[in-house]
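The values are calculated or read from the model by the stated rules, or taken from the named source; none is laboratory data. Bear in mind the structure is a predicted one, so any value in this text is a computation, not a measurement. Ideal geometry is used to build each Cβ from the backbone, glycine not excepted, and the neighbour counts take in all protein chains shown.
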């Protein structure tokens, strides 16, 4: 993330994925490794076992000491689940007003949208796409826009997990959030099935603030890696079938030569930590011409 999809203070980012692809695991890694004065974690509509597992296993003892946790599990009424999202955001706003830098993690904003849908349908509002009411699609940006940075004061950096129904990344909630947030991390089921974690699909993910957060050299390295990933994705079937002849495409030759280093760079264990400088060094190593290390 630091090298290819940087996250800055006050930025709002979505983690988009279907069920069982590693959203909560990635959220736990970010909660452990991101630096913030206070963390506010909102667990909306999750199973009770998952909440307990996240708190006890995903967060270190040090992280728990500076974390506020707001929980509304799946069996809670829709009103409680919807209010929990606003409560967590209000707590984050309080700490921001004290001049602190806050990390807000919400798992998941889709369950907030589902709770609002349930409330609105019971109130008689007409359903639209996927049964969502018009007010749901206006409630999402109004909630997200409360986060951000105040000049000369604190900030709220927000990460929202988005449960993509049926792996359809164009369903209404996902579509509304992509237009609202400052970037999105798309998780790939294919990568997860291969045991590649975190299963971030770099080519379909974006950080809208990368130009402000990366140096020109770092941006150049990130673009070079994206180019290698793109050419490998386009041509991997020819390579697998043995139809590609070495020397036909210099970019593909470099991608194939460095593929083990590239995939190793894109993977990270749940307990591993890498500083920004270490990440840039690893990226330069992955891009270096020559035989695989």
Q | Candidates 176, 129 - the one that is within 22 Å of the chain's Cα centre (by Cα) and farther than 18 Å from residue 68 by Cα | A | 176
**Q.** Lone unmet requirement of (1) buried (at least 17 other Cβ atoms within 10 Å of the Cβ); (2) modelled with pLDDT under 90 for residue 283
**A.** (2)
Q. Quick one: in region 181-191, which of the residues that are touching a helix residue (DSSP H, G or I) at 6+ places or on another chain (Cβ under 7 Å) and not in a helix (DSSP H, G or I) is farthest from residue 12 (Cα to Cα)?
A. 187
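Residues checked against (1) within 24 Å of residue 181 (Cβ to Cβ); (2) without any contact (Cβ under 8 Å) to a residue 12 or more places away in the chain:
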position: 65; (1), (2): no, yes
position: 121; (1), (2): no, no
position: 126; (1), (2): no, yes
position: 132; (1), (2): yes, no
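Of all residues in region 192-210 being assigned to a helix (DSSP H, G or I) and touching a helix residue (DSSP H, G or I) at 6+ places or on another chain (Cβ under 9 Å), which is farthest from residue 264 (Cα to Cα)?
Restricting to residues being assigned to a helix (DSSP H, G or I) and touching a helix residue (DSSP H, G or I) at 6+ places or on another chain (Cβ under 9 Å), the top hit is 210.
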Q: Taking only region 129-165 into account, find how many residues are on the phi < 0 side of the Ramachandran plot and assigned to a strand (DSSP E or B).
A: 10
Q) Hey, among 117, 178, which residue is touching a residue at least 60 places away in the same chain (Cβ under 8 Å) and either assigned to a helix (DSSP H, G or I) or surrounded by 18 or more Cβ atoms within 10 Å (Cβ to Cβ) (or both)? A) 178
(Q) Restricting to region 215-261, give me the number of residues that are in contact (Cβ under 8 Å) with a residue 60 or more places away in the chain and farther than 30 Å from residue 7 by Cβ. (A) 0
Q. For region 184-201, which residues satisfy the criterion of being surrounded by fewer than 20 Cβ atoms within 10 Å (Cβ to Cβ) and in contact (Cβ under 8 Å) with a residue 12 or more places away in the chain?
A. 189, 192, 196, 197, 201
Q) If you check 111, 130, which single one turns out to be surrounded by fewer than 16 Cβ atoms within 10 Å (Cβ to Cβ) and either in contact with a helix residue (DSSP H, G or I) (Cβ under 9 Å, 6 or more places away or on another chain) or assigned by TED's automatic domain parsing to the domain that holds residue 175 (or both)? A) 130
Q) Identify, please: which residue in region 239-251 is surrounded by 14 or more Cβ atoms within 10 Å (Cβ to Cβ) and at pLDDT below 90 and is, among those, farthest from residue 265 (Cα to Cα)? A) 244
